[in-house]
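Student: Sharing a structure with you now.
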Amino acid sequence: MPVKVEITSLAYGGKGIGRIDGKVVFVPFTAPGDEVTVEVVSEKKGFSEGICTGVIKPSPIRTEPGCPVFGVCGGCSLQHIGYAGQVEW
């Protein structure tokens, strides 16, 4: 069942970091400032991993990826964040 999560920062590799009931959740293809719905796909002792099922409120640094296969091929992890946001983070 999807849960509403606020993404507060980025981890190495470009995964967004949020919290569900205090537990860290890593969500690929999200940006700090995003408010998203997340479906947890993996539970570990100290963290969870999830997938973004929808963007409720996009971050101001979020942008439309320039590559048509972004998110599919696995070559890039930050094209959904504008250049200035990438440099900042």
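Student: Explain nothing, just compute: Karplus ³J(HN,Hα) = 6.51 cos²θ - 1.76 cosθ + 1.60, θ = phi - 60°, for every residue of the range 16-23 in order, whole Hz, x for Gly and Pro.
Tutor: Rounded to whole hertz, the list is x, 10, x, 9, 10, 6, x, 8.
Student: Continuing with the same structure: Please list, in order along the range 53-66, the HN-Hα scalar couplings obtained from phi with the Karplus expression 6.51 cos²θ - 1.76 cosθ + 1.60 (θ = phi - 60°), rounded to whole Hz, x for Gly and Pro.
Tutor: Taking θ as phi minus 60°, the curve returns 9, x, 9, 7, 9, x, 5, x, 8, 6, 9, 7, x, x Hz for the range 53-66.
Student: I want to check the label-to-label distance for Met1 and Cys73. Put each point 7 Å from Cα in the C-beta direction and report it in nm to one decimal.
Tutor: Here the modelled spin labels are 4.0 nm apart.
Student: Same structure again: Mind listing the phi-derived Karplus ³J(HN,Hα) values for the range 75-83, rounded to whole Hz, using 6.51, -1.76 and 1.60 with θ = phi - 60°, and x for any glycine or proline?
Tutor: x, 10, 10, 10, 5, 7, 10, x, 4
Student: Related question: Within 10 Å, at most 13 other Cβ atoms, and a DSSP state outside H, G, I, E, B define an exposed site. Report the longest part of the chain free of exposed trypsin sites (Lys or Arg not before Pro). Display every interim value, and only then the final one.
Tutor: On the way: sites that count: Lys44, Lys45.
The answer is 46-89.
Student: Could you give P(r) for the range 4-72, binned at 5 Å from zero, as whole percent values over all Cα-Cα pairs?
Tutor: Going out from 0 Å in 5 Å bins, the range 4-72 shows 4, 18, 30, 26, 14, 6, 2, 0 percent.
Student: Quick one: pull the percent of accessible area on the chain belonging to carbon and sulfur, 1.4 Å probe, ligands and nucleic acids left out.
Tutor: 57
Student: Over the chain, what relative contact order in percent results from Cα pairs under 8 Å that are six or more residues apart? Could the numbers behind the result be given before it?
Tutor: Numbers: 196 pairs, mean separation 21.4, N = 89.
Averaging sequence separation for qualifying contacts and normalising by length gives 24 percent for the chain.
Student: Please list, in chain and number order, the residues 5+ apart from Thr53 or on another chain whose amide H is under 5 Å from its amide H, with Hs placed from the backbone.
Tutor: Thr37, Val38, Glu39
The values are calculated or read from the model by the stated rules, or taken from the named source; none is laboratory data. Remember, predicted model here, so these are calculated numbers, not experimental data. Glycine gets a Cβ as well: all are built from the backbone with ideal geometry, and neighbour counts include every protein chain shown. Protein only, heavy atoms only, side chains kept; ligands, DNA and RNA dropped before computing areas. Shrake-Rupley method; radii C 1.70, N 1.55, O 1.52, S 1.80 Å.
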